[in-house]
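The values are calculated or read from the model by the stated rules, or taken from the named source; none is laboratory data. Predicted model only: the values in this text are computed from it and were never measured. Ideal geometry is used to build each Cβ from the backbone, glycine not excepted, and the neighbour counts take in all protein chains shown. SASA here: full protein model, heavy atoms, side chains in, ligands and nucleic acids out. Shrake-Rupley method; radii C 1.70, N 1.55, O 1.52, S 1.80 Å.
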Amino acid sequence: MAILNPERSVIHQILKRAKRIAVVGLSDNPERTSYQISERMQQEGYTIIPVNPRVDEVLGEKAVASLAEIEGHIDIVDIFRKSEYLPELAKEFDKIDADVFWAQSGISSEEAYDFLKERGHTVIMDRCIMVEYLLSDKG
């Protein structure tokens with residue numbers, strides 16, 4: 001099936017309710033988009049959980065190697081990995097306590113989308129979380 005994101009108003013409600021964002025592929029390099037967007041979201045009050053096996057800490061938060069290592073509920077899993085990794089990440093996402101699977105701008109996979117939608121998950125693909133946040137009424 002084709003990828004169909006929730007209505008923008010629904011996306012804004014998701015962002016309004018969310019507190020914890022696990023960021024897959026978050027780099028510790030301040031020049032990287034993943035760092036810049038995560039830093040901004042952290043400044044806006046979100047708790048950022050870096051998911052990257054190659055770093056120890058990003059933005060003052062201890063990094064984990066995989067989604068399975070995160071303790072507690074995750075509101076949004078925000079992904080900064082190439083589209084080819086989405087099917088594998090969708091399977092990992094399906095096994096944890098998280099509300100929304102979010103793939104950043106330019107990242108999408110019909111295979112991952114179909115897998116997650118068939119299991120009743122909320123999926124957003126090819127959208128920038130920071131842009132959506134800035135377009136929302138922010139509370």
Q.
Checking the structure you have, find out if any residue of region 109-127 is in contact with a Ser or Thr (Cβ under 8 Å, 6 or more places away or on another chain), crowded, with 17+ Cβ neighbours inside 10 Å, closer than 16 Å to Asn5 by Cβ and not hydrophobic (A, V, I, L, M, F, W, C).
A. yes
Q: Return yes or no: is Arg40 farther than 26 Å from Glu111 by Cβ, in contact (Cβ under 8 Å) with a residue 40 or more places away in the chain and either open to solvent by 10 Å² or more (accessible area, probe 1.4 Å) or basic (Lys, Arg) (or both)?
A: yes
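Would you check if there is a residue in region 64-79 being under 18 Å from Leu135 (Cα atoms), among the aliphatic types (A, V, I, L, M) and open to solvent by less than 50 Å² (accessible area, probe 1.4 Å)?
Yes, region 64-79 contains a residue that is under 18 Å from Leu135 (Cα atoms), among the aliphatic types (A, V, I, L, M) and open to solvent by less than 50 Å² (accessible area, probe 1.4 Å).
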Q: Scan region 7-25 and give yes if some residue there is of a type in the set (Lys, Arg), assigned to a strand (DSSP E or B) and out of contact with any Cys (no Cβ under 8 Å at 6 or more places or on another chain), otherwise no.
A: yes
Q) Failed condition for Leu4, given (1) under 15 Å from Phe101 (Cα atoms); (2) in a loop (DSSP other than H, G, I, E, B); (3) within 16 Å of the chain's Cα centre (by Cα), with all others met? A) (3)
**Q.** Search result, residues across region 55-94 that are hydrophobic (A, V, I, L, M, F, W, C), under 18 Å from Ala18 (Cα atoms) and in a loop (DSSP other than H, G, I, E, B)
**A.** Ile70
Q: State yes or no: is Pro50 surrounded by 14 or more Cβ atoms within 10 Å (Cβ to Cβ), closer than 24 Å to Glu111 by Cβ, touching a Ser or Thr at 6+ places or on another chain (Cβ under 8 Å) and modelled with pLDDT of 95 or more?
A: no
